[in-house]
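Okay, so here's the structure we're looking at.
The values are calculated or read from the model by the stated rules, or taken from the named source; none is laboratory data. Keep in mind that what you see is a predicted model, and the values were worked out from it rather than measured. Neighbour counts run over all protein chains shown; Cβ positions are idealised from the backbone, glycine included. Ligands, DNA and RNA are stripped out before the accessible areas are found, and what is left, the full protein with its side chains, is counted by its heavy atoms. Shrake-Rupley method; radii C 1.70, N 1.55, O 1.52, S 1.80 Å.
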Amino acid sequence: MLYYIFRWLDQFGISGSHMWSYISFRALLAMVLALVISAWFGEKFIKFLKSKQITETQRDAKIDPFGVNKIGVPSMGGIIIIVAMLVPVLLLGRLRNIYLILMIVTTVWLGFLGGLDDFIKIFHHDKEGLKGKYKIVGQVTIGFIVGLVLWASPDVKANINLQVQQQNGQEIVVKHDKTPVKTLKTTIPFVKNHNLDYSSIMAFCGKYKVAAGWILFVIMTIFVVTAVSNGANLNDGMDGMCAGNSAIIGVALGILAYVSSHLQFAAYLNIMYIPGSEELVVFFCAFVGALIGFLWYNAYPAQVFMGDTGSLTIGGIIAVGAIIIHKELLLPILCGIFFVESLSVIVQVWYYKLGKRRGVKQRIFKRTPIHDNFRVLDSQLDPDCKYLIKVPHSAVHESKITVRFWIITIILAALTIITLKMR
């Protein structure tokens, strides 16, 4: 909104109005504004939640061995993140940009889905919340919408990166096609001079390989959105854990969005140039600012929990942002923590069911998701169950676990960006 106003004023030579054409100015302003809104609105909203008793009512005391009572802490704090993020985006972003529209729709859609889950948990006193199948339907639907729009919209195009060998036969220069085109290519980590083309995977479909490639792309979009959203949801189990990890991931995606929207940087890193993706920089700066402001209240000991309202939304934002800039195959590295959290739950359930068929009570970890494994005392374990991994034997304080997970995510974020040059 403000972007269009100041761009109009720039026509009349109004001093300072030209600054609004710079993506760096709008992005940094969005970050600061989101942080301020998150911190200011957060305090007001927490008081409101307490007054309406919208608080944590059920909690397994076994996962808090250090005796911190978290019953009564306000939940649904994800609303703070969503409001603090959307206000700067609506004020400072180019709202006609298709990528920005998709990010806003994803935020509102998954925010509503997570909010419905939290509402059922709190007001209906149902610990399970929204049934899993309805959550999956909601996640699959937004993934389908995003994939379909990226397929059908004429505004979604990219300039393909090409390596050109100079006449001397030694120097290789990366250039981009002059004309942006619809493309099914995406970046592969660690692979030099190569983008994966979804249509190439579907080459067995013959003359229908392009159409089949787009269908595969939509299916991939659905899978990525669902997987990352659930991964973030599982990671939200300790004070500041999901918010801190997601802020770090948001910084990395903001950098990737910026270089993808800059012709020279895209050529230097040998990646596709994506016109219009610079608006994602504004969005991710607001995303990071909102999360940092939320950490003011969510850091240990938490004064508010984000709930599914925040965690499902955060995961969806990360997934859709990566898909838009053709970097979804980098997510297993960038979101390594989310991936391991999900994997730990899957293998734990599989191993338990395997033992159940044999009449044996067994588990791999002491508890999952994996972050809970580190804060369980040996005295809290089931004496009738066989545990494959019982380390550590003493419980680690959750604030230390959280910071260590942040450090791992910083390393993974750096590695994700480095992979573009390692190719």
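Which of (1) 143; (2) 174; (3) 208 is the computed volume of the Cα convex hull per residue in Å³ for the structure on display?
(2)
Just to be sure I understand the model, the point goes 7 Å from the Cα along the line to the Cβ. What's the resulting Ile160 to Leu90 distance in nm?
For Ile160 paired with Leu90, the spin-label model returns 4.1 nm.
Counting other Cβ atoms within 10 Å of each Cβ, which trypsin sites (Lys or Arg not before Pro) in segment 78-127 have at most 14 and sit in a DSSP loop?
Here the sparse-neighbourhood loop sites are Arg96, Lys127.
Compute a Gaussian network model of the chain, connecting alpha carbons closer than 10 Å, and tell me which residue from Pro154, Pro369, Pro332 fluctuates the most.
Highest fluctuation of the listed residues: Pro154.
In square angstrom, rounded to the nearest 10, how much accessible surface does Tyr297 have for a 1.4 Å probe?
Answer for Tyr297: close to 20 Å² accessible.
In whole Å, how far is the Cα centre of segment 251-280 from that of segment 281-316?
24
Which of these, Val210, Val281, Val360, has the largest mean-square fluctuation under a Gaussian network model of the chain (Cα springs below 10 Å)?
For the chain, modelled as a Gaussian network with Cα springs under 10 Å, the answer is Val360.
Could you give the length gained by full extension between Ala414 and Val105, i.e. 0.36 nm per residue of separation minus their alpha carbon distance, to one decimal place?
Net length gain for the segment: 108.3 nm.
For the pair Arg357/Tyr300, report the inter-label distance in nm, with labels modelled 7 Å from Cα in the Cβ direction.
4.0
Distance in nm between label sites at Ile255 and Glu43, each 7 Å beyond Cα in the beta-carbon direction?
Result: 3.3 nm between the two label points.
For Val137 and Tyr268 in the same chain, what is the full-extension length gain: residue separation times 0.36 nm, less their Cα-Cα distance, in nm?
43.1 nm
Heavy atoms only, 1.4 Å probe, whole protein assembly: order Arg363, Arg358 by accessible area, highest first.
Heavy-atom accessible area, descending, gives Arg358, Arg363.
Within the set of other residues whose C-beta is less than 14 Å from the C-beta of Cys335, count the net charge using Lys and Arg as +1 and Asp and Glu as -1.
Counting the neighbours of Cys335, the net charge comes to -2.
When ligands, DNA and RNA are left out and all protein chains stay put, how many square angstrom of accessible area per residue does segment 298-343 have with a 1.4 Å probe?
Accessible area per residue, segment 298-343: 20 Å².
Hey, any idea what % of the chain's accessible area is carbon plus sulfur with a 1.4 Å probe?
The computed percentage sits at 66.
In whole Å, what is the distance between the alpha-carbon centres of segment 367-414 and segment 65-118?
28
Relative to the longest principal axis of the chain, what angle (0 to 90°, nearest 10) does the C-alpha long axis of helix 23-51 take?
It works out to around 20 degrees.
Can you put Ile346, Ile364, Ile201, Ile317 in order of accessible area, largest first, using a 1.4 Å probe?
Descending order: Ile346, Ile201, Ile364, Ile317.
Which order do His124, His371 take by accessible area at a 1.4 Å probe, largest first?
Largest accessible area first, the list is His124, His371.
In the neighborhood of Val282, defined by Cβ-to-Cβ distances under 12 Å, what is the net charge if each Lys or Arg adds +1 and each Asp or Glu adds -1?
That works out to 0.
Nearest 10 degrees is fine. How inclined is helix 132-152 to the longest principal axis of the chain, computing both from alpha carbons?
The answer is roughly 0 degrees.
Could you compute how much accessible surface Trp406 exposes when probed at 1.4 Å, giving the result in Å² to the nearest 10?
Spelled out: Trp406, probe radius 1.4 Å, area about 70 Å².
Multiply the residue gap between Phe25 and Lys50 by 0.36 nm, knock off their C-alpha separation, and tell me the result in nm, one decimal place.
5.3 nm
When the chain is modelled as a GNM with alpha-carbon springs shorter than 10 Å, which of Gly315, Gly250, Gly359 fluctuates the most?
Looking only at Gly315, Gly250, Gly359, the biggest GNM fluctuation is shown by Gly359.
Which of the peptides 388-395, 26-33 is most tightly packed, and how do the rest follow, judged by the mean count of other Cβ atoms within 10 Å per residue?
Put in order of decreasing packing, that is 26-33, 388-395.
Taking a virtual spin label 7 Å from the Cα of Asp177 along the C-beta vector, which residues in segment 314-354 bring their backbone nitrogen under 16 Å of it?
326
By how many degrees, 0 to 90 and rounded to 10, does the Cα axis of helix 98-123 deviate from the longest principal axis of the chain?
That helix lies at roughly 10 degrees to the long axis.
Among 155-161, 100-106, how do they line up by average Cβ neighbours within 10 Å per residue, starting with the highest?
100-106, 155-161
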